[in-house]
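Okay, structure first, notes after.
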Amino acid sequence: MSDLTTQITEMIAPVADLDPSSLNPESRFEDIDDWSSLKALSLMVNVEQDLPVKLDLRRFMSVRTVGELVDLIAEGLGHAAETER
Amino acid sequence: MNPIPLADLLTRLRRLRTDGAAPDPQLWPAIRELTGMVERAKVGGLLAGVPARLVAGDSRPLRPLRVGLTGTFTADGLLPLLRTALLAAGIDAEIQLTGYGRLMLDLGDPASPLADFAPDVVLCLLHDEALLPDDWDPTDLAALDQHLTAAAAEIGELTLGFAARTGATMLLHTVPLSALEYRTLVAQRSRAALGRAWRRANLALLDLPDRSPQVHVLDLETLVANQPVALRDERRYRFARMAWSPGVEDLYATEAAAFCRALTGLSRKVLVLDLDQTLWGGVIGDDGPTGIELGSLYPGNAYLEVQRRAKKLRQQGVLLAVCSKNSPEPVARVFAEHPAMVLRAEDFVAQAVNWSPKDGNLRELGHRLNLSLDSMVFFDDSAFECELVRQSLPDVRVVHADGDPADHAARLLGSGLFDVVQLTDTDLERTGRYRAEVQRRAGLAEAGSTRAFLESLQLRVRIRRADSYSVPRVHQLLQRTNQFNTTNLRWTEAQIEEAVASDDRMVLVFDVADRLGSEDTVGVVLLTVAPAQWTIDNFVMSCRVFSRGIEFAVLHGVVERASRHGASRLVADLIPTARNAPAVTFYREAGFTPVAESGQTYDLALEPLPRLLPAWIDLEGETADV
């Protein structure tokens, strides 16, 4: 996995109450136990604290997989979308 | 510098959530030192399922506290931050957050889920739109003013009502106004009128503590103005009615936890200061007493600011001490002669100026002042000394005076470690009393024998019934005294007030005087009074007056009173804790006998009347008041 993907899965894990190793780019948020919009908001806060990015909430909330989130953040960070999967 | 990396900390916390997990007490100091908001949020997310006991270990008893949370907005983002902050403050909190926007119902309905939870403390969270009318006319600010005043008054009445009904302590806060509202008005005069109306509403909240000792107000508006964070994140507000940005949630969590720490008597009492590069710039050994940086110009004025703020802490009852690697002689010269010094030798209760390791010096200061390490804050510029003290004495809180000295004063005060709920007269005179105590101990060494020394002191003890004026001090003694505390029964001010007024209870306080000075209200005895039997519910005495037989003189006074009222037995409970070793043998030494097997209840027959008064103490007020 790319560095950014690793970094993002490490941010998702404590919010989702999972071990980072159980997540991969194909993991779907709706499959995570007890995932909720409030948890998504905490994740957004953590992402924006750790990375110089401000997310559009509409796009953030429509993200379905870890990989899509990585793409959205990469776009915000101004890189080309990471494709190494 | 956190000894445990975050990933390890999270893994170890997760381990504690499994059944039968063993305590991992290294985690607690690591959690106290977390510096980033995201770290605190992540840790707080895991803490929900972890018994606090497992994090702190059995040797560090945390204070239990039921914390109710009710707000006018969605406060879920605050929850993990608050969990971390409360645990870091030494509190084993049971937290209940009621649903979004339930504040009025929670406070107003006697059968609300919040009331059912029976909280010790209620944190009331308010946001600007909850005070503003739904749709307000930007050309009629008089109507807005009226509405705001009424809204603040309603919240105030509900808060006072809840406090009176339940006995809970309430923490409100001033409400910062969003710039969106301010900029809605285009006229400068209108903005000033809005500002006036807004401040009047906040003022109404700030007036509440004058109306009830149970109601407190945190001035969030001032705190937010000093933080480089936005008041709210509009996305979170529009999407989920979260009215505070993560930065404000973190700020509030820290301040609310400091309040709870003060409320549960965990405030620090002693500030131990380094000298070189902390109280002045430069190194006295190299630069000489005249060469240090201290005065009206930067950076000397930054060090001076630390001195000014430390002095203000002293004036409010914080004890100051010095711990410095230096030769005593040039240090004494600076304290005596340097014209710019704000702090003088008499501002300190003790000084350790020598070349020994600082951890040993702090221990020695603790012995000399009879204060435990968990009452101390250590402030030093050296990363080495700070790390040494953190490692060697985890009970001492360390504040590192690193970076630009201009920030040091704010760093010192920003810790909130000395916060108390309110000042008592005792706080104002504390330094003088501790200095006298140090003299007494020096006298003991000279007198040769303890008995000769005690005889020479001319000790007098006066016992009196507590009245309404004594309630704050009684509350403080019950909260802050850990060593001589027979049952750890800790009452709220309202409960003390009730006991003072009750016929079935008696609250006695005592003063001590000797030839070196006097100390009012150094201890309290809570009694339940029945015709045949008096019961000591708690007996608490400040560690300042240990080792003089004062407790026996007071017990003598209690025995005499009980006997005079016709009681034939005096009964007392003794509940050992990790901290109250000085009280554990007290009743046995006084001639009480244990009742049954539990070993926690003691009994003393009052016929014939036991004589407990030490020969070197005069007991006053024996017949005057009761």
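The values are calculated or read from the model by the stated rules, or taken from the named source; none is laboratory data. Computed from a prediction, not measured in an experiment: that's the story for all the values here. Here the Cβ positions follow ideal geometry from the backbone for every residue, glycine too, while neighbour counts run over all protein chains shown.
Structure above, values below:
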quantity: Unique residue being buried (at least 21 other Cβ atoms within 10 Å of the Cβ), among the aliphatic types (A, V, I, L, M) and within 14 Å of chain A (Cβ to nearest Cβ) when the list is B:VAL215, B:VAL229, B:VAL175, B:VAL248; calculated: B:VAL248
quantity: Number of the exception - A:ARG64 against (1) at pLDDT 95 or above; (2) surrounded by 18 or more Cβ atoms within 10 Å (Cβ to Cβ); (3) more than 10 Å from chain B (Cβ to nearest Cβ); calculated: (2)
quantity: Matching residues, the stretch B:235-244, being under 16 Å from B:GLU181 (Cβ atoms) and more than 9 Å from chain A (Cβ to nearest Cβ); calculated: B:TYR237, B:ALA243, B:TRP244
quantity: Residue among B:ASP76, B:ASP128 that alone is within 13 Å of chain A (Cβ to nearest Cβ) and charged (D, E, K, R); calculated: B:ASP76
quantity: Residue within the stretch B:472-484 that is of a type in the set (Ser, Thr, Tyr), closer than 19 Å to B:GLU429 by Cα, touching a strand residue (DSSP E or B) at 6+ places or on another chain (Cβ under 8 Å) and touching a residue at least 40 places away in the same chain (Cβ under 8 Å) present; calculated: yes
quantity: In the stretch A:52-75, the residues that are in contact with a strand residue (DSSP E or B) (Cβ under 7 Å, 6 or more places away or on another chain) and of a type in the set (D, E, K, R); calculated: A:ARG64
quantity: Conditions (1) modelled with pLDDT of 95 or more; (2) over 26 Å from B:LEU371 (Cβ atoms); (3) outside any strand (DSSP E or B); number of the one not met by B:PRO228; calculated: (1)
quantity: Top-ranked residue of the stretch B:285-327 - restricted to ones that are of a type in the set (Asp, Glu) and assigned to a helix (DSSP H, G or I), ranked as nearest to B:SER356 (Cα to Cα); calculated: B:ASP286
quantity: Test: residue in the stretch B:88-106 that is closer than 27 Å to B:VAL396 by Cα and either of a type in the set (Lys, Arg) or within 14 Å of chain A (Cβ to nearest Cβ) (or both); calculated: no
quantity: Which listed residue is in contact (Cβ under 8 Å) with a residue 12 or more places away in the chain, at the interface with another protein chain (Cβ under 9 Å from one of its Cβ atoms) and in contact with a Phe, Trp or Tyr (Cβ under 7 Å, 6 or more places away or on another chain), from A:LEU57, A:LEU72; calculated: A:LEU57
quantity: The stretch B:114-138: number of residues that are closer than 28 Å to B:ALA494 by Cβ and exposed (fewer than 14 other Cβ atoms within 10 Å of the Cβ); calculated: 2
quantity: Options B:PRO64, B:PRO138, B:PRO113; residue that is in contact (Cβ under 8 Å) with a residue 40 or more places away in the chain and more than 14 Å from chain A (Cβ to nearest Cβ); calculated: B:PRO138
quantity: Top-ranked residue of the stretch B:511-540 - restricted to ones that are crowded, with 24+ Cβ neighbours inside 10 Å and within 23 Å of the chain's Cα centre (by Cα), ranked as farthest from B:ILE617 (Cα to Cα); calculated: B:LEU526
quantity: Selection within the stretch B:252-270 - in contact with a helix residue (DSSP H, G or I) (Cβ under 8 Å, 6 or more places away or on another chain) and either within 14 Å of chain A (Cβ to nearest Cβ) or among the charged types (D, E, K, R) (or both); calculated: B:ALA253, B:GLU255, B:ARG268, B:LYS269
quantity: Within the stretch B:341-365, tally of residues that are over 19 Å from B:LEU313 (Cα atoms) and of a type in the set (Gly, Ala, Ser); calculated: 3
quantity: Subset of the stretch B:17-74 (residues that are part of a strand (DSSP E or B) and buried (at least 22 other Cβ atoms within 10 Å of the Cβ)); calculated: B:VAL67, B:GLY68, B:LEU69, B:THR70, B:GLY71
quantity: Subset of the stretch A:35-53 that is more than 23 Å from B:ARG241 (Cα to Cα) and within 12 Å of chain B (Cβ to nearest Cβ) - its residue that is modelled with the lowest pLDDT; calculated: A:ASP50
quantity: Residue count, the stretch A:19-34 (criterion: surrounded by fewer than 17 Cβ atoms within 10 Å (Cβ to Cβ), free of Cβ contacts under 8 Å to residues at least 40 places away in the same chain and more than 9 Å from chain B (Cβ to nearest Cβ)); calculated: 7
quantity: B:THR159 being closer than 23 Å to B:PRO472 by Cα, among the polar types (S, T, N, Q) and in contact (Cβ under 8 Å) with a residue 60 or more places away in the chain; calculated: no
quantity: Qualifying residue in the stretch B:271-284 (condition: within 14 Å of chain A (Cβ to nearest Cβ) and at pLDDT below 95); calculated: no
quantity: Only one of B:THR18, B:THR11 that is within 12 Å of chain A (Cβ to nearest Cβ) and not aromatic (Phe, Trp, Tyr); calculated: B:THR11
